[in-house]
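To start, the structure under review is shown below, and the notes come after it.
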Amino acid sequence: MRIALLITLLAAITGLSACQTMTPEERRAADEQRCLSYGFRRGTDGFATCLQRIDLDRRAESRAQSA
């Protein structure tokens, strides 16, 4: 009985830890890293456009989930 309770508790904790949200700074860093991985360089129009498109995609996805 204790083992089942322990496994259930561990599963719940693991599930909740996966729900952590990113801070705006962490999200920006991840977005920048993504654009860099596409070959864009910081300070260029292409890099700014890449960041803008990621943000617009995120907003559109959020609106779609809300509907």
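The values are calculated or read from the model by the stated rules, or taken from the named source; none is laboratory data. All values derive from a computational prediction rather than experimental measurement. Here the Cβ is made from the backbone with ideal geometry for all residues, glycine too, and neighbour counts use every protein chain on show. Please note that ligands, DNA and RNA were not included when accessible areas were found on the heavy atoms of the full protein model with its side chains. Shrake-Rupley method; radii C 1.70, N 1.55, O 1.52, S 1.80 Å.
Points to keep in mind about this one:
- Failed condition for F47, given (1) of a type outside the set (G, A, S); (2) modelled with pLDDT of 95 or more; (3) open to solvent by 90 Å² or more (accessible area, probe 1.4 Å): (3)
Yes/no matrix, rows are residues, columns are (1) open to solvent by less than 100 Å² (accessible area, probe 1.4 Å); (2) modelled with pLDDT under 70:
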site: L5; (1), (2): no, yes
site: Q20; (1), (2): no, yes
site: A30; (1), (2): yes, no
site: G39; (1), (2): yes, no
site: R42; (1), (2): no, no
site: A64; (1), (2): yes, no
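- The residue pairs whose first member lies in segment 52-63 and is within 17 Å of E25 (Cα to Cα), whose second member is open to solvent by 100 Å² or more (accessible area, probe 1.4 Å), and whose beta carbons are closer than 7 Å, counting only pairs six or more residues apart or on different chains, are I54/R34.
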